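Asks: I'd like to ask you about the structure that follows.
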Amino acid sequence: MNPREIHTLLKERFGEAVRDWTEPEVGDSSLDLDSGSLHDVCVLLRDDSALRFDFLRLVSAVDRTDRIECVYHLWSYELAHSAALRVELDRSDPRVASLSDVWPTAEWHEREAYDMMGVVFENHPHLHRILLPEDWEGYPLRKDYVAPREYNGLTNE
Amino acid sequence: MSEANVTETAPPASRRDSLRTEEMLLNMGPQHPSTHGVLRLVVRTDGEMVRESWPQIGFLHRCFEKIAESLPYAQALPYADRMDYLGSVNNGLAFCLGVEKLGAIEVSERAAHLRVIAAELNRIASHLIAFGTYALDLGAFTPFIYGFREREMAVSILEKLSGGRLLYHYPRIGGVANDLTPEIASDIRAFLVQMRKVWPEYNALLSDNQIFVKRTANVGVVTREQAIAWGFTGPCLRASGVRFDLRKDQPYSLYERFAFDVPIGEGTKGTTGDCWDRYWVRMVEILESCRIVEQALDGIPEGPVLTKVPRVLKLPKGEVYVPCENPRGELGFYIVSDGDPKALRIKSRGPSFCNLSIVNEICRDVLLADVVAILGSIDIVLGEVDR
Amino acid sequence: MGTEILKTPAPTAEELLGRAVQDPRDLTRYLYYLRNVRAEGLSVAVAPLDAAINWSRASSIWPLTFGIACCAIEMMATGAAKYDLDRFGAGAFRPTPRQADLMIVAGTVTHKMAPRVRRLYDQMPEPKFVMAMGACTIGGGPYSRLGYHVVKGIDRFLPVDVCVPGCPPRPEALIDALMYLQRKIAADRPVTDRYLRPFFSKEKRR
Amino acid sequence: MDDIILQFHTSAVAVLWPLLSKVPTWITYAVAYSVGGCVVLGWIALMAIVGTYGERRIAGFIQVRYGPNRVGPQGIFQPLADGIKLLCKEDTVPNVANRALFFVAPVLVLLGAMIPFAVLPFSERIVLTNMELALYYVLAFQAIEVIGILMAGWGPGSKWSLYGGMRLAAQMLSYEIPLGLCALVIILLSGSLNLGEIARWQAGPFLGMEHPWIFGWAVFRSPAALIAFFMFYVGGLAATKRAPFDLPEAESELVAGYHTEYAGIRFAFFFMAEYAAMYVVCAMSAILFLGGWHGPIPRPETAEGFEFMKTWSDLIQAGAPGAATFVDRCTLFVSSLWSVVSSNDGIRLIAREAIGAANVVGKSFFLYFVMIWARWTFPRIRIDQVMHLCLKVLLPIGLGCVIWAAVQVVLFPH
Amino acid sequence: MTRRPKNAFRLYCTDVWAGIYTTCVGLGVTIRYLFGKNVTMLYPEVRPEIPPTHRGLHALDESKCILCRLCATNCPVGCIAIESAGKGKTGMVTRYDVDYSQCLFCNLCAEACPTKCLRLTEAYSMIRGRREDCVLRLARPKSQSEIDEHMVKLARREAEKKAASKEAPETP
C-alpha cells in the first residue's frame, strides 16, 4: 500500500486527527498527526491486518525554529511497505506520548530525542539522558544552543 | 537506569538463610577487553549468574549530528565515515545516496559499480574483524590474527583505490573519488581467490570447534518477534530467521543487477537466533560479498567516475530517508533540507544503537561468560552507537 | 674527574634525545652513557645501572588494551600479523592498568570519558608513558571546532610523551612512535638525579 | 640406590675434612641439600625464561608473525628485559586490599609451584631427594597453589580478582579427582609410588623383549595407561590454568582474573609460578607415562654393580691417611675424582646419566610445546562446562581405567 | 528435574567424540601455520610500498600558489593558516601552516586547489613529543628584508600600471 492509501484509511478511521494530504514535490511524503492521537494511531498501524507495521525504523526530532517536529519512520516486514508519521509540538514545552509499549525499540530512540532535543515522552519507563553525561545542561541539537565553555575542569575553546 | 539510582537491592526474604549471600554490582566499565570499545555495562550478578544488565553509552558521542548541520554537505561527508569506522564506505555511500536522491543528482554506472565493489570489500573486512574479535571474546587469540591477515589484503586494495587505510572518504556526492586501474582489479581477483581458500580453514579452526559450539549454541536466543520488536537489523535479524536484506528488498546503487542469496539462521548447531547463528550468518555473508564483488568487477562499464556537482550545493526543500545495508544492519540518513547549502537536520540511524538495546532483555539469568558471548555476537561498533 | 662537572646541570632528556643514536637496532644506544662517560664525567659505577634499567624498560613496553575509536582498529592492525608490535617486545597487550607501562590513547576522548581515562592513568604503576595516537587525542582532531562533547586534546589532563598525528595514523607511524618512545626512555635517568648524583648516595643534596 | 647428595656427603666430604666431623651432622646435611636446592632453583628460573620466550615465539609463528626478535639476537634477552622491568616497577597496593593476604598470596603460589621440583628426577641418579612417596607428595602439595590463588582472589578486594579466585576453587575441585585416578592407574600397574621405581618398571621386560626400547613405556603396556595419559595431561592443563581452562585469569571476561591488582615483581611471581607449574605437569606426564629416562635415545650399559660414589670414596679412604696438609688433601680429592671419571665405566655412567636427562627433559619440552600449541588454538570453556567435563567425562573414564588396570595386574602381571 | 532425553547416552558419546575430533582438526590447522611462511613485514628495515593516491602529509609548490585561499575555506576543520605579502597572483606566501592536531586528511583541500599546487603525499610518519610541534610549516621561512623588498617591487609595479593607465585614457 503506498502512503496515499494509508492516509485515506487513517483519515476515515480517525477523521480530523489526521491532517489532509500534502504531496511533497521532492523526497518522501509523511502523514501529519496531532500529538494527542499518536499512540492510538500507532497501535492501529501495528495491529491492523492491512497495515502490519511491526518495525519502528527511526524516531527523529527536528527543530524548525518555531516548532519541534517528531518524525516516526515505520516499515512492515510482511507487506513490505513503509510510512512516515509527523507530529508537531510547541517549542517551549514539547510533550508527546511514548511509544515504548507499542515498539520496545522506541525506548532508546526516545531517550536520545529527549537527550538531544528536550522532547518529553510521557510514561516512558526511565526517561533520562542516554548519550550526554547526567549533569549536562541544555539540549545540543536545538538551533539556539550555545556550547558550554567548560565542563568539569576541561575548557572547550 | 542512570548511575545515580542504581540502588543495591536487598536479597528477597526467602534467601535470608544463615549463609548470607549478596548480589554484586559489577562494572564492565568503559575500559574492558570485551566491550568492543567504550561501552559501560553495569551488571547485577548473583555469583556467576547475571540477573540484570544496563548498558550505558555515550562515551564516544562526537556530536556528528550537530556538525553535519553546521557544515555544507561535501564537508560533512568525512564525518559520516567516522561513524561506523569499520564500514566507512557504507556510511559515506548512505550519506551520498540520501543527498543525491534529494538533489536528483545522476551517478554514472561506472561509479555505481565502483561503489558496490568498495562497499562489499569493506563489508568483508568488517566481517573479518567481527569474526576475529568474537573469537577473542571467547578466548581464542589466533583466529583474530588470521582474520587480520586477510583484512590487510582487502585494506591495501581499498588504500590503492581511495588513499586511506581505514576511513576511505571514497564515495563522493555524484560518484567516487578515484578510478579503478587494471592493477587494482587484478589485486581484487587475487584477494577473492585467497579469501575463498582460507574460509574453510576458519570454519575448521573456530566454527565447528566443539568448545566454540558449546559456548555459543543455544546462548542468547533472540526469537523472530523479539528481533523485530527491538529493531534488530542486518545479520542479527537474519540470524533470527527473517529473510530481509536491503540490498535485495530496497535495492540501491545497482544492487538489483547482481545475483546473490541472503543467508538466514536455521539453528544448525542450536536453536534459530542464537549466538552461533549470528556468527554463521556473518561468515556466509563473506562468501556472498565475494560473489558480488566478482560480478561487479566483471560487469563494470567504461565512463566518467564523478559527475560535475556545483561547489556550493543547494538541495531543494524537502526530506528524504534512504536506508542502506551496512555490515551491522540498516544504516540511513534522514536528511531534512531547507534549500540553503547546509542541511536543516541530518538524523542518522545507527544499526548498532538498536541492536545494543536488546542486551538487557536477553542477558537475564545467564552466566557472566555468556554475557560476553552475547555482546560479541551482536557485533556493535561504539562510533555508530554514540554518533 | 673534577668536582666542578657536578655543579653544572646535565643536559635534559630532550637534548640527550637529540644526540641519542638514531638506529633503533644498535644496542649501544642504550649504553651511550658509557661512550660519553669520559666527556660528561659521570661516575662509572652508576651509568651501567641507568643503562641496564633503561634498556629493560625500553625493550619490554607492555601497552594497555585501551581502544576508544577508529585509531584502536589501526592499533589492533599493528599488533596483528603484518606489522607485529611483538617484535619490539611490546606485543603483550595487558588488560589491567596495573601491569601496563604504556597507555596508547587511541580514539576521541569525550568529556564523559575523560575522568575514566584519568583514573586509568592514575592506576598505572610509576614508570608509565602516554602516547596520544591520532589527531583527536592531540588537539581534538576533526571535532576540535564544532564538537561540544569532545576534549580538545588529552594533554589538558594527562602528561603526553609521544604525539602521533594522522587520522588514523598508519601502523608504520605507530611503530615509529614506539621507537621514538624507546629512544626517549634510553635518554631517561632512573637512578641518578639532575646533577647525575645517584639517588641512593648518602651525600647531601646541594 | 640412595640419594646422590647423601652419598657424596658421607663418603667424600666427611673423610677429607676431619674438623667437619665435629660440626653436628644436620648442619652439614642442610648445607649440602641447600646447594642441591639452589641448582634446582636455577632450573626453575631457566624454566620461567624458556617458558616466556618459547610461548611468545611459538605463538608468533603459529600466528604467521615473528615473536620478539629485536631484543638481543633472535630476541633471546626478551625474558631478561621483562624480568628487570617488572623488578623496577612501582609497587602498588590498592588501599581497599587486605594487606596480609595481598602480600602472602604470590609467595604461596610460587611455593606451590616449586615444591614438586624436590622429587622430580632428571635422570636415574640425578634427583634432589629420592622419596618413596614422591607421587603422593606431588599430588598432595598441589593444594598450596590453590590456597595462594584464593588469597590472591580475596586479598586485593577487587571484584574481578574475587571472581578469578572463586572460579579457580571450582576448577580445582573438579579436576583433582580425575588427576588422582590417572596417577592411581600407574601406581597399580607399577606397584610403587617412587618415581625412580616407576621409571625402572617401564624399562623392565615386556612381551618377551628383554630391553623393550620405547614399547616398555606405560602408554604401550596397557590401554588403561594410554587413556590415563591423555586424561592426566588434560587434568594437568586444568591444574596450570592453561589453554581451554584458563578461566581464573580469563582476559576477555574478568579483565585479568586473580592477578588484576598485582603489578611489578608480585605479578612476576605469578608469571614464574605459572611456567614452573607447567614444567612440573609435563615432567610428571613424561616420567609416569612416557618412560622417564628410557626414552627414544638408547642409553649405554655400565658394568654390573659399578657405583660411581662407592669407588670414588674407596679411593679417597685409601689415600686419606697419607694426606696431611689441606693442599694435598684437595689434590687427592681432585685426582681421585679424575681417575674415577676417566675410567672406562665412569665415562659410560656419565654418558648414561646425560642421555637419561636428555630423554626426560626432551619429552617434557615436547609436552611443554603441546601446551603452548593448545593455548593458541582453542577458545575458553565456560566454568560449568569445565565441571561437566571433569566430573561427568573424565571421572567415569578414569574409574574405568583404574578397574581395567586392577584386572590387568591380577590376570597377567608384567 | 528435567526429564533426560531418550538417547541421552548416545548424545553424550557423540559429544565426547565431537570434542576430540574438532580439537585434533583445530590443532592440525595451527600446526600447518606454525611451519608455514610468515607474513610479517619487518618494518624499520623493509620500507612499505605506498600507493600514489595515499592521503598523507601535505606538500606545497609555492611558486604556483595564487593565494586564492580555497583550500582553507574548503577544509571542514579549518586547520590551514595562510599569511601572505600582497594579494592574488603577484602576492608571496609568507606562512602556510597545516595544524595536524586537527587535520583529518580528507583531501578536500587538495581537490579544491585550482592550480593543483597543494598535494597530499606518500609521507605518513610525523612523530612529535609535544602538541605545539604538531604543525607542518610548508612555506619556506622568509626573512623580513625579503618581504619588504617584495612589497617595494609590488608598489613600484602598481605605480607603473597607474601611470600607464593615466596615459592610455588621454590617447583615445
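Laboratory data are not the source of any read-out in this text; all were calculated from the coordinates shown. Since the structure is predicted, the reported quantities are computational estimates derived from the model, not experimental observations. With ideal geometry, Cβ positions are generated from the backbone for all residues, glycine too; neighbour counts draw on all protein chains shown.
Asks: Return the lysines within reach of D:Lys89: Cα separation strictly under 21 angstrom, same-chain partners fewer than 8 residues apart disregarded; answer none if there are no such residues.
Replies: Partners found: C:Lys128, C:Lys184.
Asks: Using the scaling law 2.2 N^0.38 Å as the reference, what is the normalised Cα Rg of the stretch B:165-269? Mind dumping the intermediate values first?
Replies: Numbers: Rg = 18.4 Å, N = 105, 2.2 N^0.38 = 12.9 Å.
Dividing the Cα Rg of the stretch B:165-269 by 2.2 N^0.38 Å gives 1.42.
Asks: Right, next: Counting pairs on different chains as well as pairs 8 or more places apart, how many Lys pairs in chain B have Cα atoms under 12 Å apart? Please list the in-between numbers first.
Replies: Values: B:Lys66/B:Lys342; B:Lys66/B:Lys347; B:Lys214/B:Lys269; B:Lys314/B:Lys342; B:Lys317/B:Lys342.
The result is 5.
Asks: Continuing with this model, one more query. Excluding E:Tyr12 itself, calculate the net charge of residues whose Cβ lies under 14 Å from the Cβ of E:Tyr12, where each Lys or Arg counts +1 and each Asp or Glu counts -1. Spell out each step's value before the answer.
Replies: On the way: positive: B:Lys214, D:Lys392, E:Arg4, E:Lys6, E:Arg10; negative: E:Asp15.
Result for the neighbourhood of E:Tyr12: +4.
Asks: For the pair D:Ala30 and D:Ser335, what calculated FRET efficiency results from E = 1/(1 + (r/R0)^6), where r is the Cβ-Cβ distance and R0 = 30 Å, to the nearest 0.05? Numbers along the way, then the final one.
Replies: Details: r = 29 Å, r/R0 = 0.97.
Taking R0 as 30 Å, the efficiency between D:Ser335 and D:Ala30 is 0.55.
Asks: Using a Förster distance of 51 Å, how high is the FRET efficiency between D:Val93 and D:Glu307, based on the Cβ-Cβ distance and rounded to 0.05? Please list the in-between numbers first.
Replies: Numbers: r = 54 Å, r/R0 = 1.06.
That gives a FRET efficiency of 0.40.
Asks: So what are the ³J(HN,Hα) numbers for the stretch C:74-80, from phi and the Karplus equation (6.51, -1.76, 1.60; θ = phi - 60°), rounded to whole Hz, Gly and Pro as x?
Replies: Once rounded to whole Hz, the list reads 5, 5, 5, 5, 5, x, 7.
Asks: GNM, chain E, Cα, under 10 Å: largest mean-square fluctuation among E:Leu70, E:Leu34, E:Leu118?
Replies: E:Leu34
Asks: Still on this model: Using only the Cα atoms of the stretch E:58-142, construct the convex hull and provide its projected area averaged over every direction, in square nanometres to one decimal. All intermediate terms of the calculation are to be shown ahead of the outcome.
Replies: Details: hull surface 22.0 nm².
In nm², the orientation-averaged hull projection of the stretch E:58-142 is 5.5.
Asks: Nearest 20 debye, what's the magnitude of the dipole of the protein assembly as shown about its Cα centre given +1 on Lys and Arg Cβ and -1 on Asp and Glu Cβ? Write down the numbers at each step before the final one.
Replies: On the way: 143 positive and 146 negative charges, 567 e Å.
Dipole of the protein assembly as shown, to the nearest 20 debye: 2720 debye.
Asks: For B:Glu65, A:Glu134, B:Glu319, what's the fewest-to-most ordering of other Cβ within 10 Å of each Cβ? Walk me through the numbers on the way to the answer.
Replies: On the way: B:Glu65 22, A:Glu134 11, B:Glu319 27.
Final ranking by Cβ density, sparse to dense: A:Glu134, B:Glu65, B:Glu319.
Asks: Let me ask you something else. Take the alpha carbon atoms of the stretch A:32-59, find their center, do the same for the stretch B:227-258, and report the distance between the two centers in whole angstrom.
Replies: Cα centroid to Cα centroid, the span is 22 Å.
Asks: Any idea which of C:Leu85, C:Cys136, C:Leu102 is furthest toward the positive side of the dipole for the stretch C:69-168, if Lys and Arg beta-carbons carry +1 and Asp and Glu beta-carbons -1?
Replies: Going by the Cα projections, it comes out as C:Cys136.
Asks: Here is a further query. For a quick check: with amide H placed at 1.01 Å from N, whose amide H comes under 5 Å from E:Leu67's, ignoring anything fewer than 5 positions away on the same chain?
Replies: none
Asks: Here's a follow-up. Would you work out which of C:Val150, B:Pro263, D:Val280 lies farthest towards the positive end of the dipole of the protein assembly as shown? Charges go on Cβ: Lys and Arg +1, Asp and Glu -1.
Replies: Of the listed residues, the answer is D:Val280.
Asks: Tell me which trypsin sites (Lys or Arg not before Pro) from the stretch E:1-42 have a DSSP coil assignment and no more than 11 other beta carbons within 10 Å of their own. Write down the numbers at each step before the final one.
Replies: Working: sites: E:Arg3, E:Lys6, E:Arg10, E:Arg32, E:Lys37; in loops: E:Arg3, E:Lys6, E:Lys37.
Taking the stretch E:1-42 and a limit of 11 other Cβ atoms within 10 Å, the loop trypsin sites (Lys or Arg not before Pro) found are E:Arg3, E:Lys6, E:Lys37.
Asks: Just want the answer: with Cβ charges of +1 for Lys and Arg and -1 for Asp and Glu, which residue in E:Phe9, E:Tyr100, E:Met41 is farthest toward the dipole's positive end in chain E?
Replies: E:Phe9
Asks: Normalised by the residues of chain B, what does the relative contact order come to in percent, with Cα pairs under 8 Å and at least six apart? Walk me through the numbers on the way to the answer.
Replies: On the way: 750 pairs, mean separation 97.7, N = 387.
It comes to 25 percent, rounded to a whole number.
Asks: Return the single residue from B:Leu93, B:Leu158, B:Leu180 with maximal mean-square fluctuation; model: Gaussian network over chain B, springs between Cα atoms under 10 Å.
Replies: It is B:Leu180.
Asks: Once the Cα atoms of chain D are picked out, what are the Rg and Dmax in Å?
Replies: Values for chain D (Cα only, Rg and Dmax): 23.8, 73 Å.
Asks: How big is the protein assembly as shown in terms of Cα radius of gyration and Dmax, in angstroms?
Replies: Both quantities, over Cα of the protein assembly as shown: 36.2, 140 Å.
Asks: What residues qualify as long-range amide H neighbours of A:Arg57, i.e. H under 5 Å apart, gap of 5 or more or another chain, H built at 1.01 Å from N?
Replies: It is A:His73, A:Leu74, A:Trp75, by chain and number.
Asks: Another question about this same structure. For the stretch D:189-265 and the stretch E:115-172, what is the centre-to-centre distance using only Cα atoms, to the nearest Å?
Replies: Here the two parts' Cα centres lie 78 Å apart.
Asks: Give the Rg (one decimal place) followed by the Dmax (whole number) of the stretch D:152-236, computed from C-alpha coordinates and expressed in Å.
Replies: My reading of the Cα-based Rg and Dmax gives 18.6, 62 Å.
Asks: Residues of A:69-78, mean number of Cβ from any other protein chain within 10 Å of their own Cβ, rounded to a whole number?
Replies: Per residue, the number of nearby Cβ atoms from other chains is 3 on average.
Asks: Can you classify the stretch A:7-96 as rounded, prolate or oblate using the Cα gyration tensor, where a ≥ b ≥ c are the square roots of its eigenvalues, rounded means a/c under 1.5, and otherwise it's prolate if a/b beats b/c and oblate if not?
Replies: Working: a/c = 1.58, a/b = 1.49, b/c = 1.06.
Here the stretch A:7-96 falls in the prolate category.
Asks: Scan around B:Val366 for amide H atoms under 5 Å from its own, H built in the peptide plane at 1.01 Å from N, and keep only partners 5 or more places away or cross-chain.
Replies: Under 5 Å from the amide H of B:Val366: B:Val50.
Asks: Continuing with this model, one more query. Tabulate in residue order the Karplus-calculated ³J(HN,Hα) for the stretch C:145-153, using 6.51 cos²θ - 1.76 cosθ + 1.60 with θ = phi - 60°, rounded to whole Hz; enter x for Gly and Pro.
Replies: Ordered by residue, 3J(HN,Hα) equals 7, 10, x, 6, 9, 9, 6, 7, x Hz.
Asks: How large is the dipole of the stretch D:4-411 about the Cα centre if only Lys and Arg carry +1 and Asp and Glu carry -1, each at its Cβ, rounded to the nearest 20 debye?
Replies: I would put it at about 700 debye.
Asks: Let me ask something additional. How would you rank E:Ile127, B:Ile346, going from fewest to most other Cβ atoms within 10 Å of each one's own Cβ? Walk me through the numbers on the way to the answer.
Replies: On the way: E:Ile127 21, B:Ile346 26.
The order, fewest Cβ neighbours first, is E:Ile127, B:Ile346.
Asks: So what is the calculated 222 nm ellipticity per residue for the protein assembly as shown, using -39500 (n - 2.57) for each DSSP H run with n of 4 or more, over all residues, to the nearest 500 deg cm²/dmol?
Replies: Mean residue ellipticity, 222 nm, calculated: -14500 deg cm²/dmol.
Asks: Write down the percent of antiparallel bridges among all DSSP beta bridges whose residues are both part of the stretch C:70-183, to the nearest 5.
Replies: On the way: 1 of 9 bridges.
Taking every DSSP beta bridge within the stretch C:70-183, about 10 percent pair in antiparallel fashion.
Asks: Ok, one more. Sorted by average packing, counted as other Cβ atoms within 10 angstrom per residue and highest first, what order do D:387-400, C:126-139 take? Each step should come with its number before you reach the end.
Replies: Details: D:387-400: 18.0, C:126-139: 25.6.
The peptides rank, most packed first, as C:126-139, D:387-400.
Asks: Using alpha carbon centroids, what distance separates the stretch B:316-341 and the stretch B:58-78, in Å?
Replies: So the separation of the two Cα centres works out to 14 Å.
Asks: Now, a different point. For a quick check: sort E:Cys13, E:Cys113 by the number of other beta carbons within 10 angstrom, fewest at the front.
Replies: Lowest count first: E:Cys13, E:Cys113.
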